[in-house]
1. Accessible area of residue 180, 1.4 Å probe, to the nearest 10 Å²?
2. At 0.36 nm per residue, and after removing the present C-alpha to C-alpha distance, how many nm does the segment from residue 119 to residue 185 gain when stretched out fully?
3. Computing the accessible area with a 1.4 Å probe over protein heavy atoms, can you report the carbon and sulfur percentage for the chain?
4. Explain nothing, just the number: dipole magnitude of segment 184-263 about its Cα centre with +1 on each Lys and Arg Cβ and -1 on each Asp and Glu Cβ, in debye rounded to the nearest 20.
5. Sort 226, 67 from largest to smallest accessible area, using a 1.4 Å probe on the heavy atoms of the protein chains.
6. Equivalent-ellipsoid semi-axes (√(5λ), Cα gyration tensor) for segment 1-87, whole Å, largest first?
7. Please work out the C-alpha center-to-center distance from segment 196-223 to segment 233-299 and express it in whole Å.
8. What residues have an amide H closer than 5 Å to that of residue 252, excluding those fewer than 5 places away on the same chain, when H is modeled at 1.01 Å from N in the peptide plane?
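The values are calculated or read from the model by the stated rules, or taken from the named source; none is laboratory data. What you see is a predicted model, and the numbers here were worked out from it, not measured in a lab. When we count neighbours, we look across all protein chains shown, and the Cβ atoms used for this are built from the backbone with ideal geometry, even at glycine. Each accessible area value is taken on the protein alone, full model and side chains, heavy atoms only, with ligands, DNA and RNA left out. Shrake-Rupley method; radii C 1.70, N 1.55, O 1.52, S 1.80 Å.
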Amino acid sequence: MENTIHSALHLRRQGKLQESKEMFLTLLSIDPLNPSLHYQCARSFDILAEETKAMPFYEQAIELGLTDCELEDAFIKLGSIYRTHERFLEAKKLYQEAMRKFPKKEQMKIFYAMALYNLGDHADAMGFLIGNLAFTTTNQDILKHYRTITYLGSRLDSSSDEIITIDKNQPLQPTTKSIVEKVTEGLKGFGIGGFYTSSGFEYDEYYRFFNDRDLETRRCALAAFTVMLGAWHALSGFTFIPQHDRKYLRGYNPNEPFHELNNYIEAIVTHHQQIKQDFPVMFEYIIDFLISIEVERKVPYEKWFPELDAQLVQRLRDEVLLPNKSLLDNPTEYKYFLREAGIPPFFEDDFFE
């Protein structure tokens, strides 16, 4: 059973959300009183934006008794679903229960304040929010749910249909373009705006090409990843978004493939020595961005992205980031990055004499 659960979680990390869901449902049919399996089924439906299907699984998981970590998350996810489906009193009662269970978990008060607002207790709601945020500006538990809090908090009077807009169209058919063609097209104009105006790349599993036999394909795949990280760090683009937050993206289609951070971390951990040897400047930039994003966000990746393999993230730190942190003591000039990534420069300072 344990190995099968790990397999289902592995499928989720790879972005195979439907397959992961079906596996968890099968496991639950075998062990119907397992609270953790109810929780994982709820998460599977929730990630796919099927909130009404997720709801009873969250409810049963809480009733059966979860571990503290899973229970904390289930309270937040179920309460948010209650709110977006206008079951405000149930949300309020649930968050009251959550605050009694987790009195030191400050994020519960923020979600509770949203429920108060919907019930017309505006003064109490604002009091909870202002006092809590003033007290917890660096609280990791709040930062972990930053996107959910800010998105729902700015749409307190919106219904579920207004908050979650699912794209019902069939997934876009993959093109026959090569990795080199996709990256070359995505990098057009990068020399002018850099990481602050990056427009993104056509979807592909770029991490699979980090060790490609063809040097140009490998270079382009790494250039794409470096630019994804750089845009993320510059707050100009968000290629990597936690699975539980994607339903809040405008026009989200759960059937469309999504860049899974776990896959890219695994590829970097596996191939970092060869990458460092062949593309030292891009490697330095990747190290810089991966360290800076986590430090500046003030929340560990595995807490920010619950679907990540925590042991893999720790390997990233121990085997890749920390041993190479000294590279950042003498940063390589930007024009060397442009040259190594194959990006045409635009400004005079970015050219070589």
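1. The accessible area of residue 180 comes to roughly 40 Å².
2. Details: separation 66, 0.36 × 66 = 23.76 nm, distance 5.01 nm.
18.8 nm is the gain from fully extending residue 119 to residue 185.
3. Values: 8980 of 17220 Å².
Heavy-atom surface of the chain belonging to carbon and sulfur, 1.4 Å probe: 52 percent.
4. Details: 8 positive and 10 negative charges, 40 e Å.
My answer is approximately 200 debye.
5. Working: 226 0, 67 85 Å².
Ranking 226, 67 by accessible area, largest first, yields 67, 226.
6. Rounded to whole Å, the semi-axes are 20, 15, 11.
7. Using only Cα atoms, the two centres lie 12 Å from each other.
8. Sorted by chain and number, the residues that satisfy this are 165, 167.
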